[in-house]
1. Here is a list: Gly150, Gly191, Gly162, Gly166. Which entry is small (Gly, Ala, Ser), touching a helix residue (DSSP H, G or I) at 6+ places or on another chain (Cβ under 6 Å), under 15 Å from Met133 (Cβ atoms) and assigned to a loop (DSSP other than H, G, I, E, B)?
2. Residue under question is Thr70, and the condition is that it be touching a helix residue (DSSP H, G or I) at 6+ places or on another chain (Cβ under 9 Å) and surrounded by 14 or more Cβ atoms within 10 Å (Cβ to Cβ); does it hold?
3. When you check Ser121 against the structure, is it among the polar types (S, T, N, Q) and assigned to a helix (DSSP H, G or I), yes or no?
4. Name every residue in segment 29-72 that is farther than 23 Å from Glu83 by Cα, at pLDDT 90 or above and among the hydrophobic types (A, V, I, L, M, F, W, C), in order of residue number.
5. Identify the single condition in (1) closer than 18 Å to Ser38 by Cβ; (2) among the aliphatic types (A, V, I, L, M); (3) in a loop (DSSP other than H, G, I, E, B) that Ile186 does not satisfy, given that it satisfies every other one.
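The values are calculated or read from the model by the stated rules, or taken from the named source; none is laboratory data. It should be emphasised that the depicted structure is a prediction, and the values quoted were computed from it without experimental measurement. Heads up, the Cβs are rebuilt from the backbone with ideal geometry, glycines too, and the neighbour counts pull from every protein chain shown.
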Amino acid sequence: MKKNDKFVIANKKFKSRLIVGTGKYKSMSQCAKAVAVSGADIVTVAVRRVNIVDKKKPLLMDYIDPKKITYLPNTAGCFNSDEALRTLRLAREIGGWKLVKLEVLGDKKTLYPDIIETLNSTEVLAKEGFKVMVYCTDDPLMAKRLENAGASAIMPLAAPIGSGLGIQNKINIQIIRRQTKLPLIIDAGIGQASDASIAMELGCDGVLVNTAIAKAKDPYKMAQAMKYAVLSGRQSYLSGRINLATYGSPSSPKDGLI
């Protein structure tokens, strides 16, 4: 068990291992309340979709204080490297953000990442001084390439964005965990609290959740459920589970039977 179990990304320490998205809520006030209930201290912000510039319209900053909660600008809605690079450079100009989340989608139906464009973008952004958290497939080989390209965190999908299907490939997630010292954060596909707990039990450092909270019948209860699921899963992982066995094993001693 780790004595000093800290969640650190790009040399910055965070209290919560749950990252919450800010899209799909009915209102910014609902989003802000869900974030507060979740205990998250990082929120993702889709630069192309969430208003952080136009002061004539509701600003996300009026609801979630960027001095208290870390904003993680992302490239949601970008389908090529040029769009993604332009979006994150704009985010840096607007708010000075260097810790960013990169996602370059391959098509509008599956929302799977275009991993070649993602790799190329990671290399460019890392050279420009960005700390890049990368949304990617659960391919261990590509995860290693992204790490070598300068990624600050690896963020494989559990399942397609917004699907709620949970982790579909535990083996690959475990392989990625064994091969990298970078923060490993499950991104996309979480549907319920048990999914988040499983991700943490596999050794992931964190979980990003948006749709599962925003579209729940009660977003606030789900936000709280996710909070405790992440904590529980992490404790379970650190405690060291028992070995799997084919046959039963008695819970009481064999000696001294009556």
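1. Gly150
2. no
3. Yes; evaluated as a whole, the condition is true for this residue.
4. Across segment 29-72, the qualifying residues are Cys31, Ala32, Ala34, Val35, Ala36, Val37, Ala40, Ile42, Ile64, Ile69.
5. That leaves (3) as the condition not met.
Per-residue answers, yes or no, for (1) under 22 Å from Ala151 (Cβ atoms); (2) surrounded by fewer than 20 Cβ atoms within 10 Å (Cβ to Cβ); (3) out of contact with any Cys (no Cβ under 6 Å at 6 or more places or on another chain):
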position	(1), (2), (3)
Ala193	no, no, yes
Cys204	yes, no, yes
Leu208	yes, no, yes
Ser236	no, yes, yes
Ile242	no, yes, yes
Ala245	no, yes, yes
